[in-house]
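The values are calculated or read from the model by the stated rules, or taken from the named source; none is laboratory data. Since the model is a prediction, treat every value here as computed from it, not as a measurement. All Cβ positions, glycine included, derive from the backbone under ideal geometry; neighbour counts span all protein chains shown. Quick note on the areas: whole protein, heavy atoms, side chains included, nothing else; ligands and nucleic acids left out. Shrake-Rupley method; radii C 1.70, N 1.55, O 1.52, S 1.80 Å.
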Amino acid sequence: MEPINILLTEENEGDIMLTSEALTQGEIVDNISMIKNGKKAIYFLKKKSPSEKVLQPHLILLDINLSKMNGYKVLQNIKAKQQLKHIPVIMLPSLPSDKDILMACKHFANYYLSKAPDADDFIKAVSSIKTFWINHVQLSLKPLCYGIFYQPAYINR
């Protein structure tokens with residue numbers, strides 16, 4: 001299998017460490033690029049950054065609460081661009097809410113995965129990314145379906 005390029009857009013250092021650890025334990029660590037705010041994520045995706053040799057991601061993990069441009073604006077920008085809209089975007093909110101789920105759906109997020117309060121639960125949930133997006137869906141530069149949402153068992157609605 002070819003290497004998977006993942007863009008993690010997150011500014012909270014604790015969440016960056018936890019997500020990186022989850023990706024490592026889930027064996028999803030081919031090429032991870034980390035961006036700490038929404039505006040830089042857009043520049044990165046449009047390759048308008050100081051590092052012009054940027055690999056286009058196969059998968060984007062996107063926090064909602066970002067500075068400079070929130071996750072919904074980033075998502076909206078990604079899905080509005082012909083050259084980017086095929087990239088699956090997984091929204092990673094700190095806490096699940098119906099409002100966030102509806103906003104993610106409205107802006108064509110591919111997956112909604114809340115960060116678990118317990119590190120072990122979050123690592124298991126991130127492993128679901130590997131199980132579904134990497135093992136079952138062929139990540140490529142082909143357009144994918146929108147609207148797949150997952151609520152882990154640890155979330156009580």
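Where residues in segment 100-117 are assigned to a loop (DSSP other than H, G, I, E, B) and in contact with a Leu (Cβ under 8 Å, 6 or more places away or on another chain), which of them is most open to solvent (accessible area, probe 1.4 Å)? Filtering segment 100-117 for residues that are assigned to a loop (DSSP other than H, G, I, E, B) and in contact with a Leu (Cβ under 8 Å, 6 or more places away or on another chain), the one most open to solvent (accessible area, probe 1.4 Å) comes out as Phe108.
If we scan segment 59-70, do we find a residue that is open to solvent by less than 10 Å² (accessible area, probe 1.4 Å), over 18 Å from Gly14 (Cα atoms), at pLDDT below 90 and part of a helix (DSSP H, G or I)? No: segment 59-70 contains no residue that is open to solvent by less than 10 Å² (accessible area, probe 1.4 Å), over 18 Å from Gly14 (Cα atoms), at pLDDT below 90 and part of a helix (DSSP H, G or I). A single member of Glu27, Glu52 is under 21 Å from Ser127 (Cβ atoms), open to solvent by 20 Å² or more (accessible area, probe 1.4 Å) and either modelled with pLDDT of 90 or more or assigned to a loop (DSSP other than H, G, I, E, B) (or both), and it is Glu27. Residue pairs whose Cβ atoms lie under 6 Å apart, sitting 6 or more positions apart in sequence or on different chains, and linking a residue in segment 88-105 that is touching a residue at least 40 places away in the same chain (Cβ under 8 Å) and farther than 22 Å from Gln56 by Cβ to a partner that is open to solvent by 10 Å² or more (accessible area, probe 1.4 Å) and part of a loop (DSSP other than H, G, I, E, B), are Ser94/Lys115; Pro96/Ile155. For segment 30-49, taking the residues that are modelled with pLDDT under 75 and among the charged types (D, E, K, R), the one that is farthest from the chain's Cα centre (by Cα) is identified as Lys48. Restricting to segment 74-99, count the residues that are under 15 Å from Lys46 (Cα atoms) and open to solvent by 50 Å² or more (accessible area, probe 1.4 Å). Residues meeting the conditions: 6.
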